[in-house]
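Asker: Following this message is one structure expressed as structure tokens.
The values are calculated or read from the model by the stated rules, or taken from the named source; none is laboratory data. Everything numeric here is computed off the predicted structure, so don't read it as measured data. Positions of Cβ are generated from backbone atoms using ideal geometry, with glycine treated the same way; all protein chains shown enter the neighbour counts. Side chains included, ligands, DNA and RNA excluded: accessible areas come from the protein's heavy atoms. Shrake-Rupley method; radii C 1.70, N 1.55, O 1.52, S 1.80 Å.
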Amino acid sequence: VASALAAIPGASVVEQGDGRTVFSLAGPDSRALLAKCTALDLHPDAFAIGRSANALVCHVGGNVARVARDTYEITVMRSFAASFFSEICLLGREFGLSAGFAD
């Protein structure tokens, strides 16, 4: 597709695949921690598994998805990833949050 588009006079193609970062927040306190940094109603009746919403999360615009009972995925723009990570780690101290990186 990129080659076909690039062949059009005046057209350009820009790769955007690495523009976002996905964080996974899991564990029995994940909902309580996430509730500290977003205005979303995260109650299971209002935010069921499989649901997602765009929202301000830790002062950063992003998307929150509930992927399992106690697991959420938060997607933010790559340029805001460090800010989100720092704030969620700070807020997670009371819950004993540990941070790791997936392979």
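Asker: Roughly to the nearest percent, how much of the accessible area of the stretch 38-78 is carbon and sulfur, given a 1.4 Å probe?
Answerer: After summing per-atom areas, the C and S share lands at 50 percent.
Asker: For residue 46 and residue 67, what does the FRET efficiency come to when R0 = 22 Å and r is the distance between their Cβ atoms, rounded to the nearest 0.05?
Answerer: So, using R0 = 22 Å, E works out to roughly 0.85.
Asker: Report the per residue volume, in Å³, of the convex hull enclosing the C-alpha atoms of the chain.
Answerer: Per residue, the Cα convex hull of the chain comes to 133 Å³.
Asker: Could you check the spin-label model distance between residue 83 and residue 56? Points 7 Å from the Cα along Cα→Cβ, value in nm.
Answerer: 1.1
Asker: Please compute the modelled spin-label separation between residue 95 and residue 6, points set 7 Å along Cα→Cβ, answer in nm with one decimal.
Answerer: Using points 7 Å along Cα→Cβ, the separation is 4.4 nm.
Asker: Quick check for me: using +1 on Lys/Arg Cβ and -1 on Asp/Glu Cβ, what's the dipole size of the chain about its Cα centre, in debye to the nearest 20?
Answerer: Its charge dipole is roughly 100 debye.
Asker: Once the Cα atoms of helix 81-91 and of the chain are each reduced to a long axis, what angle between those two axes, in degrees from 0 to 90 to the nearest 10, is obtained?
Answerer: 0
Asker: Long-range amide H contacts for residue 67: which residues qualify at under 5 Å (H placed 1.01 Å from N, peptide plane, sequence gap of 5 or more or a different chain)?
Answerer: 50, 72, 73
Asker: Which residue fluctuates the most in the chain, going by a Gaussian network model with Cα springs under 10 Å, if the choices are 50, 92, 62?
Answerer: 50
Asker: Could you order 57, 14 so the one with the most accessible surface comes first? Probe is 1.4 Å.
Answerer: 14, 57
Asker: Show me the trypsin sites (Lys or Arg not before Pro) within the stretch 35-103 that DSSP assigns to loop and that have at most 15 other Cβ atoms within 10 Å of their Cβ.
Answerer: 36, 51, 69
Asker: Go through the stretch 45-58 residue by residue and turn each phi into a ³J(HN,Hα) via Karplus (6.51, -1.76, 1.60, θ = phi - 60°); whole Hz please, and just put x for glycine and proline.
Answerer: Along the stretch 45-58, the couplings run 6, 9, 10, 6, 4, x, 8, 9, 7, 7, 6, 7, 10, 6 Hz.
Asker: For the chain, with every protein chain kept in place, what is the accessible area per residue (1.4 Å probe, Å²)?
Answerer: 67
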